[in-house]
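The values are calculated or read from the model by the stated rules, or taken from the named source; none is laboratory data. Note that the structure is predicted; figures quoted are calculated from it, not measured. Positions of Cβ are generated from backbone atoms using ideal geometry, with glycine treated the same way; all protein chains shown enter the neighbour counts. Heavy atoms of the whole protein, side chains included, go into the accessibility calculation; ligands, DNA and RNA do not. Shrake-Rupley method; radii C 1.70, N 1.55, O 1.52, S 1.80 Å.
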Amino acid sequence: MRDDTTETRPSGTRPTRRAVLATGVGLAGALWITGTAAGTARAATDSGTWDGSTSQNGWKVAPSAGSEIKTLRIEGSDVSVALREGASATLLLHVARRFHYEIHPLSKGDVTGHSTHRKVGAAFESNYLSGTALAIRPLLYPVGVTGGFFPSELIVLRDILADCEGAVRWGGDERGVAKESHFQIDVKPGSALLRKVAAKIDAWAVTPGAGAGAIDPFVPARRKAARALEHRQAA
């Protein structure tokens with residue numbers, strides 16, 4: 001968990017979360033509106049409405065909660081989130097659980113998942129429509145704002161992504177319009193990698209001393225793996 005008195009945020013060319021919060025919701029709203037990127041045009045209208053039958057990552061849009069979308073609890077917390085049931089949810093819940101344990105405790109309202117609202121600020125936000133993405137503390141880490149995490153928190157976050165072996169992408173790595181609260185499945189339906197990572201996480205759940213709550217992200221071997229994945233996903 002971070003300590004505001006001991007770390008400074010990395011500087012960058014884009015606005016920091018603290019700067020945006022200081023200027024109020026109006027600026028955050030402006031960033032949301034102007035964040036509609038050219039890449040969205042494939043499935044979105046000029047008004048920023050996603051009209052595709054699949055989300056950006058190739059998963060079928062779920063128009064309403066039902067057999068595909070379930071409200072699932074984030075273990076270790078009192079928080080639940082609506083996601084597409086199955087292997088994709090296993091990975092996203094793992095991300096949220098480690099965030100809760102190692103970055104900041106989660107409270108009700110801190111996590112959003114499946115949405116039926118087709119307005120998007122960037123193409124990757126369409127993945128909420130398929131239930132294959134979630135946003136953790138989106139009011140603190142809004143669209144278009146970077147610098148929200150301290151260096152030690154970024155090490156943990158990168159280690160969480162490394163657990164998922166490239167099957168999950170972080171919105172903070174998006175070029176152009178970033179969203180540091182955003183995590184999405186980054187493989188197509190039926191992916192062998194997705195099944196493999198989900199099986200690994202499921203095995204951790206029944207193995208004492210393994211998985212969320214029992215990981216040291218600062219071990220050199222883990223940091224090396226996390227940096228390697230960061231470079232691959234940035235390519």
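Cα centroid separation, the stretch 58-104 to the stretch 207-221: 21 Å.
When the dipole is taken about the Cα centre of the stretch 123-182, and only Lys, Arg (+1) and Asp, Glu (-1) are charged at their Cβ, what size is it in debye, to the nearest 20?
160 debye
Arrange the residues 204, 50 by how much accessible surface each exposes, largest first, with a 1.4 angstrom probe.
204, 50
Kindly identify the stretch 74-162 as rounded, prolate or oblate by the Cα gyration tensor criterion: order the square roots of the eigenvalues as a ≥ b ≥ c, call it rounded if a/c is under 1.5, otherwise compare a/b with b/c, prolate if a/b is larger, else oblate. Here the stretch 74-162 falls in the oblate category. With a ≥ b ≥ c the root eigenvalues of the C-alpha gyration tensor of the stretch 184-235, is it rounded (a/c under 1.5), prolate (a/b larger than b/c) or oblate? Oblate shape, in that a/c is at least 1.5 and b/c is the bigger or equal ratio. Overall shape of the stretch 108-235 was characterised from the C-alpha gyration tensor. The equivalent ellipsoid obtained from it has semi-axes of 24, 18, 15 Å, in decreasing order. Taking 7 Å steps out from each Cα toward its Cβ at residue 221 and residue 71 produces label points 4.2 nm apart.
Note on residue 119 and residue 49: the extension gain reaches 24.8 nm, defined as 0.36 nm multiplied by sequence separation minus the Cα-Cα distance. At a probe radius of 1.4 angstrom, the accessible area of the stretch 124-165 per residue rounds to 17 square angstrom.
Loop-located trypsin sites (Lys or Arg not before Pro) in the stretch 107-202 (DSSP state other than H, G, I, E, B) with a sparse environment of at most 15 neighbouring Cβ atoms within 10 Å: 108, 175. Subtracting the Cα-Cα distance of residue 214 and residue 80 from 0.36 nm times their residue separation leaves 46.0 nm of extension gain. Going through the cross-link list 70/196; 119/224; 188/224; 179/224, which pairs have a Cα-Cα distance over 30 Å in this structure? The answer is 119/224.
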